[in-house]
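Structure first, commentary second.
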Amino acid sequence: MMIVMKEQATPDEVRAVARRVESVGARAHVVVGELQTVIGAIGDQEHVADLELEGAPGVDHMVPISRPYKLASSQFRHGERTVIDVGGRKIGGPHFATIAGPCTVESRDVLLDTAHAVKDAGAQLLRGGAYKPRTSPYSFQGLGEEGLRLLAEAKEATGLPIVTEVMDARDLDAVLEVADVIQLGARNMQNYTLLTELGRAGRPVLIKRGLSATLEELLMAAEYVLKEGNTDVMLCERGIRTFETAYRFTLDLMAIPVLKELTHLPVLVDPSHAAGRRDLVGSMSLAAAAAGADGLIVEVHPDPDRAICDGPQQLHADDFGDYLRQVERVAEIAGKRVAAAV
């Protein structure tokens, strides 16, 4: 149930309604918007309905939310889209942002060279994996804490906020020391224990869609984070597994407008992992921007042919500026506002 407060509702009235919701065993999630405050009542809807809050001081009206994902539903924000601020870089709503960097943190020189290149080109955030989920247990798994230390150095050198993946709750405290956005990879999308911990971490979370996950399953994963009180959640389409073998995964571009209907959360696209091929990354990026994506997360490397992992899908750092200008032009045509590099 969504309880929409009046524009002139006072903080005391909002708190009073929230207390009444919690008095029947439900959870009250308060979201303060630009014009109105909304309270999500999560729990037994009959008990909440019995409170007869329609006539309570400060309450404008109530809207039942029929979807299984309550807090992620577009109904919950009453048409208002979530905008996430990461170190002054806005993602969502009218804003378009690009997250760029190497697939994995493999050395100090590669990371710092890439970080300076993507910043100079105009990217808003820097990505890099300190912990890497790999299909083979014998493949490079990341530098771990040393990788985090290098990411912290890159952040200090460039000022770019850091996006990096966490795979295990035991590493979360170390990742939180460095990460401005925590990425949850496709293989962990339904790791509900880890999702819950991220909901309590108080840091923006980027959730990648699982290889065979439906959009509803992706939104339910986001719900695990949201229900713990963390409202800064982004969704990422990164390609799904289909019968096609001509490329790595199938980039589900229709997921972008459909997710925009279903949820208020920002929707990003990862063309690198979807394509698995550098020559396809540009066209898929342009298509994603045209379809209304709120941003891209793309892999960049100074010398992709010598990269430790995923070299064939990484853009050359020298070409990244031209690539980004094309993407930004399409994003602007699609109605997005592209932030200048900070």
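Please treat every number below as a calculation from the coordinates, not as lab data. These numbers come from a predicted model, not from an experiment. Methodologically, a virtual Cβ is constructed for each residue, glycine included, from the backbone with ideal geometry; neighbour enumeration extends over all protein chains shown.
Some points to look at:
- Averaging 1/r over every pair of different alpha carbons in region 120-254 and inverting the result gives a Kirkwood radius of 15.7 Å.
- Ranked Glu261, Glu197, criterion: other C-beta atoms within 10 Å, fewest first: Glu261, Glu197
- Partner lysines for Lys70 [C-alpha distance under 22 Å; skip if fewer than 8 residues away on the same chain]: Lys6, Lys208, Lys227, Lys260
- Computed over the chain: relative contact order in percent, which uses C-alpha pairs under 8 Å that are six or more apart: 17 percent
- Residues with amide H under 5 Å from that of Arg127, placed H, sequence gap 5 or more: Ala100, Gly101, Val163
- Label-to-label distance for Asp109 and Arg27 is 4.9 nm, based on points extended 7 Å past Cα in the beta-carbon direction.
- GluC sites (Glu not before Pro) restricted to DSSP loop in region 1-110 with at most 15 other C-beta within 10 Å: Glu7, Glu34, Glu52
- Residue of Ala317, Ala28, Ala49 that the Gaussian network model of the chain assigns the largest fluctuation, springs spanning Cα pairs under 10 Å: Ala49
- Put simply, the amide H of Arg27, placed in the peptide plane, has neighbours under 5 Å in Ile42, Gly43, leaving out anything fewer than 5 places away on its chain.
- Taking other Cβ atoms within 10 Å as a rough exposure proxy, Asp12, Asp120 sort from fewest to most as Asp12, Asp120.
- Relative contact order (%) - criterion: Cα under 8 Å, at least six apart; region: region 2-63: 47 percent
- If the convex hull is drawn through the Cα atoms of the chain, its volume per residue in Å³: 133 Å³
- Local electrostatic count, Ala339, Cβ distance below 9 Å [Lys/Arg +1, Asp/Glu -1]: +3
- Ascending count of other beta-carbon atoms within 10 Å, so fewest first, for Tyr247, Tyr69: Tyr247, Tyr69
- For region 295-310, 3J(HN,Hα) per residue [Karplus equation, 6.51 cos²θ - 1.76 cosθ + 1.60, θ = phi - 60°, Hz, x = Gly/Pro]: x, 10, 10, 10, 9, 9, 8, x, 8, x, 5, 10, 5, 5, 9, 6
- Using R0 = 22 Å, the C-beta based FRET efficiency linking Ser139 and Arg170 works out to 0.55.
- Multiplying the residue separation of Ser66 and Glu261 by 0.36 nm and subtracting their alpha-carbon distance yields 68.8 nm.
- Neighbours of Val327 by Cβ distance under 13 Å: Lys/Arg scored +1, Asp/Glu scored -1, total -2.
- Computed [θ] at 222 nm, helices only, for the chain once each DSSP H run of length n ≥ 4 contributes -39500 (n - 2.57): -10000 deg cm²/dmol
- Each of Ala117, Pro257, Pro204 was scored by the projection of its Cα onto the charge dipole of region 84-338, and the greatest displacement toward the positive side belongs to Pro257; charges sit on the C-beta of Lys, Arg, Asp and Glu.
- Amide hydrogen neighbours beyond the local backbone of Leu184, cut-off 5 Å, H modeled: Leu206, Ile207, Lys208
- DSSP-defined antiparallel bridges as percent of all bridges, the chain, nearest 5: 40 percent
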